Amino acid sequence: MVTAEEHLLDRAREAVTAVADPEIPGVGIVDLGIVRKIDQRDGVIVVTITPTYSGCPAMSVIESEIGAALRGIGIQEFRIDVVLTPAWSTSWITEAGKKRLLEAGIAPPASATPNIPILLQTPGPGIQCPYCGSNDTNKVSEFGSTSCKAYHRCNQCLSTFEYFKPF
Ligand SMILES: [Zn+2]
């Protein structure tokens, strides 16, 4: 038997999981590891979040999007707890999140690069290009659209891409 409370919690999890990062369309805040947990205390849905490093997605935007998602499924009783310790790390990005970053044309943090078919890889010193898999890339700018990303250019396919710096 699923109790009404469990059902509510499941729906809350589903709604929050669907919230995308405001600065990385298509990549969810759960997949990025920003949402630490979603539980229920005394009938109130509690969403615990940890901000990414400074300069990254505005937490106020994320908080209001979480609120809108919960209200959208009829949940009025909720609280958003912001926890700063331990600090967010790129290692919290899930496997699904890394794949979505690649699909969005953003190279995931180097320590977190999912497997790109070996045939597509070429040796080189650079960050792997999310479009063609080449490592023959150069950094063109330390800062991308946000300070957590840098711009790199691929010398093989000539794409410019953003690299999500490890943290
Ligand atoms: Zn390329």
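Just so it is clear, none of the values below were taken in a lab; they were calculated from the coordinates. Bear in mind that the values here come from a model prediction, so they are computed numbers and not experimental data. Every residue, glycine among them, receives a Cβ derived from its backbone with ideal geometry; neighbour counts consider all protein chains shown.
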Original post:
Could you give the alpha-carbon Rg of the range 1-52 over 2.2 N^0.38 Å, rounded to two decimals?
Top reply: 1.23
Subject >> Theoretical ellipticity at 222 nm over the chain - DSSP helices of four or more residues, -39500 (n - 2.57) apiece, nearest 500 >> reply: -7000 deg cm²/dmol
Original post:
Under 5 Å between amide H atoms, partner at least 5 residues away or on a different chain: which partners does SER89 have, H built in plane at 1.01 Å?
Top reply: none
Subject >> Surface/4 estimate of mean projected area, convex hull on alpha-carbon atoms of the chain, nm² >> reply: 11.0 nm²
**OP:** Please give every one of the aspartates and glutamates within straight-line cross-link reach of LYS98, meaning a C-alpha to C-alpha distance under 16 Å, and leave out same-chain neighbours fewer than 8 residues apart.
**Re:** ASP21, GLU23, ASP31, GLU162
Subject >> Cα-only radius of gyration and Dmax that characterise the range 1-93, units Å >> reply: 13.0, 45
**OP:** Taking amide H positions as placed in the peptide plane 1.01 Å from N, state which residues far from ALA18 in sequence (5 or more) or on other chains have amide H under 5 Å from it.
**Re:** none
Subject >> Sites GLU142 and GLU77 - FRET efficiency at Förster radius 41 Å, r taken between beta-carbons, to 0.05 >> reply: 0.40
Original post:
Which FRET efficiency value, to the nearest 0.05, is calculated for LEU84 and SER159 with the Förster distance at 45 angstrom and r the Cβ-Cβ distance?
Top reply: 0.80
**OP:** Enumerate the calculated ³J(HN,Hα) couplings along the range 99-109 in order (Karplus 6.51 cos²θ - 1.76 cosθ + 1.60, θ = phi - 60°), each rounded to whole Hz, writing x wherever the residue is Gly or Pro.
**Re:** 5, 5, 4, 4, 5, 7, x, 10, 6, x, x
